[in-house]
Each structure stands twice: as C-alpha cells, then as structure tokens.
Amino acid sequence: MRRSFQILYLFLFFSSLALRGYSKHIKGGEIHYTYLGPSATKPNYDRYELRLRLFISCQSTTGQLETSVVLGIYKTSDNSSVDLVTAYLEKSQIISLNSPSPCIVNPSPVCYWIREFTAIEELPKDPQGYMVIFQRCCRIDGIENISPNINVGASYFCQIQGTNSIGTTGVNSNPDFGIKDTVLICQGKRFKLDYSAVDAEGDSLSYEFASGYYGGGTNNAIVTRPGSPATWVPISYRPGFSGLQPLGSSVTINRKTGLISGVAPGGGDYVVCVLVSEYRAGILVSAHRKDFIIHVDDRCDFPSADLNPNYITCNGFDFSFHNEAAPSPLIHNYYWDFGVNGSLTDTSTKSRPTFTFPDTGVYSVKMYVNKDEPCTDSASTLMSVFPGFFPGFSSLGTCILNPVLFTDTTKTKYGKVSYWSWNFGDNTTLADTANIPNASWKYSDTGMKNVTFVVANSKGCLDTVNQSVHISDKPPIFFPFRDTLICNIDTLQLLAQGYGDFTWSPAGNMINPDTPDPLVYPKTTTYYTATLNQAGCVNQDSLRVRVVDHVTVFAGNDSTICLGDTIVFHPTGDALYFDWSPAFTLDNPKLKNPHADPNAAITTYTVVASIGKCSTTASLNIKTVPYPLSNAGTDVFICFGDTTQLNAVAKGIRYTWIPTTYLSNPAILNPLAFPVQPTIYQLLVYDTLGCPKPGISKVFVNVNPQIPAFAGNDTSIVIGQPLKLHGSGAPSFLWFPDYGLDRNDIQDPVANLTQNQVYVMKAFTEEGCFAYDTINIKVFTTAPDIFVPNAFTPNGSSNTIFRPIPVGISKIEYFRVYNRNGMLVYSTSQIGNGWDGTYKGKPQELGGYVWTVQGTDYTGKTVIKKGTVVLIR
C-alpha cells in the first residue's frame, strides 16, 4: 500500500547501560544466551555464551563507556544468587541514518552506539533454569510514557530454560532479535517496525509488549551484588500508557510476526519492551526481552495516505471518507476511486468526500495524495455496503423474584444475525453477561438496570442498544385512564397492562373479570381494583368509573368578534364527546374547544354533547363586526432632516400612530413626520360598533441617509500656486462663489487665488437632497514651506500641541519627534495632528527635543526640514 519512501523512518533509540560518572545515555539493552554444548570438565554442566547488548546515545564520550560489566546469575526457582560474571567489551559500533527519503522534510538525525559484552559461563543442569540480570543507572531523562522520568535506572535479563521444559538432553538458545536498520518515525503518522526474532532451534515464537523494569539509581548505580537475591520492580507508566500499550492504544504488536504498527503518538522518547516467548511442542521453553526506547520525531513530515483496512455502512448507501493520516501541509491534492465497476464518475478530488454507492456489495476503494507528483502516496480499503440493519431487543418481567426474559428483535436485510453480547447491568456481580440470542437474568436487588446489548450480522454490521429495565418488588400495572365517566345505560371496557395474570373486583356487573380488559356496566359510581400475579409477585391498583343518568352542558355566552377573526369555544359541563354545527366554519367539529371562523353577521352554533349513549344539546350566537376603516396613506420619500405630512383616511372615534417618535401629534390623522431613518408608521383606528380590535394600516416613510458633505480640510497655499479642491458626500456638487475656480459644478475644481478665500460646497443627489460644507484657504506671498514652532506648553492654556504648519503643502510624509537619547517619541503623517508631550501615556521630561518633517507641495516638490523644540510646563 505504501511506496518505498514511506517505510517508516522511526527514530529507534534503545534503553541502555548507565555510563561511568552515571551519565544518562542508556537507550536500550538485552541479554542473550547461546548454548555452546556440555562442559568438558564438569559432568552434568552446560556451557553458555552470555551477551549483553547495550544501546547508547551517540552523545556519549569514550570516557563514559565501560569496557567490562558484571552480570548476575540467579536460580529461577528461589531467586538465590549463583554467580557474578564479568563480561568484556567485544564489539562497539555506531549506526546512523544519513540519507532518509527526499520526500521527508525536517528529519532529525538518527544515531546510536551499540556496545556488546560477552562472557562464557558453565552452569549445572537445573529443573527450572536460571535468570541472568544486568541492572544499572540511568536511562535518558524526559521519557514521555513513564513517571517519574528523571534518573530512572534499567534492568535487563534473560531466562535460561530448565530441564523441566526441554529435558536433560535438550538444547536451546535465546531467539535473536538481531540489529535492525535505523529508521525514523514522524509523530501522528502510521508506521510499521519489524521486530521479529530468529530462533536457532526452530521453536514457535510469540510476541507481546511487556513492562520495562527499574534498575540502579544515581546513588546506587550498580545493583548486582554477590550473594544477594535479585530484585526488579516494573516501571510506572503515565495515564494513557502501560507496559501492554507503551505507545498508546493506537499502536499494537502482532503476536505471530513481531510487527509493531499503528499511528505514532506525539513527539518524544518512549520506553518499549518486547517479550518473545518460545514454545516447543506446546511447552513454554523460555522468554527473552528486549527493552528499548523509540524516539518519535516531532519535526519531520511527509505526505501520507492512510485508510482503515475495512469500512461498512449498515444504514444507507452514503459514506463519508477521509484520510486517516495526520494532516500535513505537504498534501496538495486528493484523488479517490470508489471502485464501482464500469463507472467513470465514481471519483472525487475532495479531501473528505461523501459518496453514494449504487448497490449493496463490497467495493475496493483507493485514495491517492499528490497524485502524479514526485512525493505521492496511496492507500486502499474494502468498503462494505449492506444497509437494512435494525438492532433491538425486548424485555419481559420486572419482579425481583423472577428472571427477566430478554429477546433479540434485531432485523437484518442482508446476511443473518450472528453475534450477541448481553450485559444485564447487575452491579452486584461481574457474571451478568450472555452471548446467546435470547437470554434471562434474575436480579438480586431492585432499581433501574441499564441493559447493554451488542449485536452484529454476518456482513459485519455491529451496533449497541441501551435500554433501562426497572426491577421492583411488585409487577407494575399500567392503566390508560384512572377516572372516567359513563352513562348508566352504557357498558365500558376496562384496560390494564402488565405481565402476569389479572383478576378484577368487585365482579358484580362485570364480564370476564379474570382478563386484563373486562367489560363493566355499573349503575352507580364504582372503584375497580386490578390484581396482577406474576409467578408469585403480586400487585394491586385501582381506577374509578363515575356513573350519571343524564348529560349537562353549557355552550357558552353569546359573543361579538371582528369579521375575519376566529374564536375558541369553551363549553362547560360533564360531557365527554362533542359534535358542533355548522361544521364548515370550524377547524374540527368533534373537539370540545374548536376554532370557529364565522363569516355571517350572526351565526348560531349548536353542540350535541354526549356521554356514551346519553346526550343533550346547547347553542350560542356569534356576531361579527368589520374592523374599523384605516388607510394610512401612500408611502413617501424625504431627505434627511426634512418633514412630511401623513395623509390618512379612517372611520372611527379614536386614532393612534405607532411608533410615536418624530411625530407632531400621534393622536390625529394628519400629523407631521420627521424621522431620521426609514420608519414604518402604523395607524390604529378604534370605533364603538362592536369590533373590540383596532383597524390597522401602514405607511412607509423612506429617509435618504444624511449626506456627509466634506469640502476638505482648511489649508494654506502661496500666491500663484494652483490648488485642486476635492469634495465628497454625494454624486453632484456646486461651489460658490466661483471666483478663481476653473469650474464650479464638478467634484474637483482647481483654484488660482491671490487672496484668502472661503468656498461653500453644496453636495446634492438626484432626488434633491443636499448638504453644505466650507473650506478656508489662506494665501501667503512666500514660497511653499512647513513652519514649525520652537516651543510648546502641553499643560498651558494655549500652544498645547506641537505640530507643523504647512503652507502650500499638499501632504505630509512624516513628522517625527525624538528625545535626547534618540528614541522616537511621536510620529504622524496626518496634516493637523501633533505631539501632546507624552509617550505611551506618560508625560515626558522638560527640555529640548529634535524634530524632522517631510512634505510635498502642490507641484510635487519635496520639502524637508529639521530642528529642535523646547517642552515647557
């Protein structure tokens, strides 16, 4: 599924031996034994080669590395000390990854130092064999999945088999993990790491994650001592990690192949211990551990495509896909092929497509990232489409004395229901489970029980159903009614719901008293009691049947409503059923409280009220009166600040306009309106003809927005210098007087002045709305210049702002003020702005400051000036 560059370049650093000076460079280790044959000098002894392989950080120096180590040998049976063996350095090499794939960006260097120590040892045959142990300080600091993760020692050991497992003549050597090539893992990326071993005798091997172990500390680096028993304690893992899940729940190891795979956790170092167990003829021979540190790189990245091996949809033909790999900016495009044979449209270029499959079946779906680019990747999956899976179950029984029966009601259109898992929610035991379609469970206490049912079919659809079951000391009885009314000539059927056998009392005037639904015909009001017996669990409950010999009803008072309105009837009495007429003006003539919509001047409504076979009639009159006439007039348009008169026509005795704001008098028909924004005014008209509601009409007063007329900031020019004016605020303009202007009816006229001048600009719209603004122009006889004062007093009554005064200058590029240390304390490019003597809100010291200013005159010439100013308080 992956191209060669995606072989996961996992940063594998193995935990290792503590260094001289107790340096923290251990990244991995293992002890391995090889059987060399029987002893040549000692009867019933065997010879073994013991090899300690340590993985050290490449940051270690030669002076920090031992040339010999001490291994402890202990009996497996009682942990008693057998011997201490000195193993000497035989091999030392550095392995590194220098050239990862060019598609990987920001790869960290991969490097570790392998040190191998060997010793020859002769041991007598023993039924349970021996343990070989090496313990030392310290692992590298900052390991992500353990706590504490500073000054943590390590223990490495192997198990030499005993005669109980291989016999007195059998031979065995540990499986050999070998030395794998250095690889690199990027955080959040799926990876595969082959951690298989080879066994010389061809024994069956089984792999699993296991806990690592503490070793020596900084004050007790070498733990192995002559004559003392060996001790080892599992390391403590942080929440979310454990010896069985050292890289979290997203990473697993294949028991048969030793392949570690999954999605890498966040960046950092992680202790991982792999235990390989070897079996011969089904008997465990020995177990061998390799404790190492995997480094997950938090910087590297590459475009990665990843999908789960299988997907399924059981409730429709649509399914939404996405790349299961971590997001990466290196992914530029997607291409999906949904595997519909014969189709040319079963593709998508979206990152998260939703596809509708045409039929049921299993489809081969393929995803590409960066298709047709040098750094591309792809992933495949099988998509099963089998909708029509409806899980469910029913329960029967609620009494604590009897088992509750649970029945699978699951329906499946494809395949067959093939898996059941019940959890009956009994908190008093862990045995409240079953794996059959229909099950039963007897609870030991009362209360609400949360039952969980997991069910699957043969096509792979799986779902969970949760349902609550109430367990009580009595079986529950449910009545659809507890109090009802009948006429004395009627027969009524009682209804009770519950699991078990029912009996009713009193049995007089009753048919079938031993059923859940007997018939009764009492002549007087009677209380009936139902008794439910559920295999010895008994409960009772009662209901009342009231009996009358006639029906009473009052239809309601006569009423007047406005024509077009509806009215709800509210009859009183003891009737149970109603039938109103005329029906065509009612929403439902069979309701007790129907909505009526009469359209005649007077309508008489009659109701037939009944209780069973007994009935009576009643009526009421509804009068309709038209709404008062209200016509608020035609919509109008006004300019901002203008006034208009509303011209309404109405027939009534009282008038009210809403809203009342911006009206001269809201109680008359023709008030003056002067709103400042578009407003809808409603006219409410009241009369005394009988309609209790006002007639309402509306008029819209549309207000043109206020014109933001602006003729420009006041300015100064020099004589003979043309000045281009610029007005704004509306589509059309008029300047006056027209003295000195090339035109006075455009937005940007040019003025040529020999004296000071004030222009008034009128900005107006095609609807006739307008506004005015003025501009003052001073004319100097000097050349264009920027005048700057030499002192100012921020706290005084005048001259409080230090600003440049431009004459004949069209714009200021910058005006800057510096203190005596050369620090900028103020800067602006706006004409008219200036410094108030503060910096970041704090008043500045008295004394001199340096300023510089640059501007451009109306001919495009640049004017630059510098100087000093004195701040006076």
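Let's test this: bin the Cα-Cα distances of region 389-438 at 5 Å from zero up to the farthest pair and state each bin's percent. In whole percents, the pair-distance histogram is 5, 17, 25, 24, 15, 8, 5, 2. Here region 684-808 is treated with +1 on each Lys and Arg Cβ and -1 on each Asp and Glu Cβ, and its dipole about the Cα centre works out to around 300 debye. If you take the Cα centroid of region 139-165 and the Cα centroid of region 288-362, the two points sit 38 Å apart. If R0 is taken as 51 Å, the Cβ-Cβ distance between THR515 and THR360 corresponds to a FRET efficiency of 0.65.
The modelled label-to-label distance between TYR839 and TYR279, using points 7 Å beyond Cα along the C-beta direction, is 8.1 nm.
Could you state the number of Å between the C-alpha centres of region 648-664 and region 682-713? What the calculation gives is 10 Å, centre to centre.
Using only the Cα atoms of region 497-596, build the gyration tensor, take square roots of its eigenvalues as a ≥ b ≥ c, and label the shape rounded, prolate or oblate: rounded if a/c is under 1.5, else prolate if a/b is larger than b/c, else oblate. It is prolate, given that a/c is not under 1.5 and a/b is the larger ratio. The residues of the chain expose, per residue, 48 Å² of accessible area to a 1.4 Å probe.
For Cα pairs less than 8 Å apart in space and 6+ apart in sequence, what is the mean separation divided by the residue count of region 326-475, i.e. the relative contact order in percent? The value is 18 percent.
Per-residue extension of 0.36 nm, minus the Cα-Cα distance of PHE787 and THR572, leaves a gain of 68.0 nm for this segment.
Per residue, the average separation of C-alpha pairs within less than 8 Å and at least 6 apart gives region 765-873 a relative contact order of 28 percent.
A straight chain from ASN310 to GLU767 at 0.36 nm per residue would run longer than the Cα-Cα distance by 157.6 nm.
Taking amide H positions as modeled 1.01 Å from N, with prolines and chain starts lacking one, the residues under 5 Å from VAL183 and 5 or more places away or on another chain are LEU10, LEU12.
Treat every Asp and Glu Cβ in the chain as -1 and every Lys and Arg Cβ as +1, leave all other atoms uncharged, and give the resulting dipole magnitude about the Cα centre to the nearest 20 debye.
1560
At what distance in angstrom do the alpha carbon centres of region 469-532 and region 374-420 lie from each other? Between the Cα centres of region 469-532 and region 374-420 lies a distance of 39 Å. Remark: the ASN713-THR409 segment gains 101.0 nm on full extension, using 0.36 nm per residue and subtracting the alpha carbon distance. How far apart, in nm, are two points set 7 Å out from the Cα along the Cα-to-Cβ line at THR774 and at GLU122? Placing both labels 7 Å beyond Cα along the Cβ direction yields 12.3 nm. For region 761-873, the square roots of the Cα gyration tensor eigenvalues, ordered a ≥ b ≥ c, give a/c of at least 1.5 with a/b greater than b/c, which places it in the prolate category.
Could you compute the FRET efficiency for LEU382 and ASN151, with r as their C-beta to C-beta distance and R0 at 51 Å, rounded to 0.05? After rounding, the FRET efficiency stands at 0.55. Can you compute the FRET efficiency between MET448 and ARG482 using 1/(1 + (r/R0)^6), with r the Cβ-Cβ distance and R0 = 22 Å? Round to the nearest 0.05. Taking R0 as 22 Å, the efficiency between MET448 and ARG482 is 0.40. Simple spin-label estimate for PHE317 and SER829 gives 6.2 nm between the two label positions (7 Å along the Cα-to-Cβ direction from each Cα).
When you restrict to C-alpha pairs under 8 Å that are six or more residues apart and normalise by the size of the chain, the relative contact order lands at 6 percent. Residue pairs exceeding 19 angstrom between C-alpha atoms, taken from LYS256/LYS366; LYS811/LYS842; LYS523/LYS590; LYS724/LYS778: LYS256/LYS366; LYS811/LYS842; LYS523/LYS590.
Helical runs assigned H by DSSP (4 residues or longer) give the chain a calculated mean residue ellipticity at 222 nm of 0 deg cm²/dmol, each run adding -39500 (n - 2.57) before division by the residue total. Of the solvent-accessible surface of the chain, computed with a 1.4 Å probe over protein heavy atoms with every protein chain present, carbon and sulfur atoms account for 52 percent. Scanning the chain for cysteines with no neighbouring cysteine C-beta under 4.7 angstrom from their C-beta gives CYS158, CYS273. Judged by the ratio a/c of the largest to the smallest principal axis of the C-alpha gyration tensor, the chain counts as oblate, that ratio being 1.5 or greater while a/b is no larger than b/c. A dipole drawn for the chain from +1 and -1 charges on Cβ atoms has a positive end, and of ASN665, ASN539, LEU629 the residue lying farthest that way is ASN665.
Compute the Rg to Rh ratio over region 110-250 from the alpha carbon atoms, using the Kirkwood formula for Rh, and round to two decimal places. Write down the numbers at each step before the final one.
Working: Rg = 17.8 Å, Rh = 18.1 Å.
For region 110-250, the value is 0.98.
Label reach from ILE653 (point 7 Å along Cα→C-beta): in region 674-704, amide nitrogens under 11 Å belong to 686-690.
The values are calculated or read from the model by the stated rules, or taken from the named source; none is laboratory data. Small disclaimer: the values here were computed from a predicted structure and weren't measured. Cβ atoms come from the backbone with ideal geometry, glycine included; neighbour counts cover every protein chain shown. The protein model used for the area step is the full one, side chains on, heavy atoms only, and it has no ligands, DNA or RNA in it. Shrake-Rupley method; radii C 1.70, N 1.55, O 1.52, S 1.80 Å.
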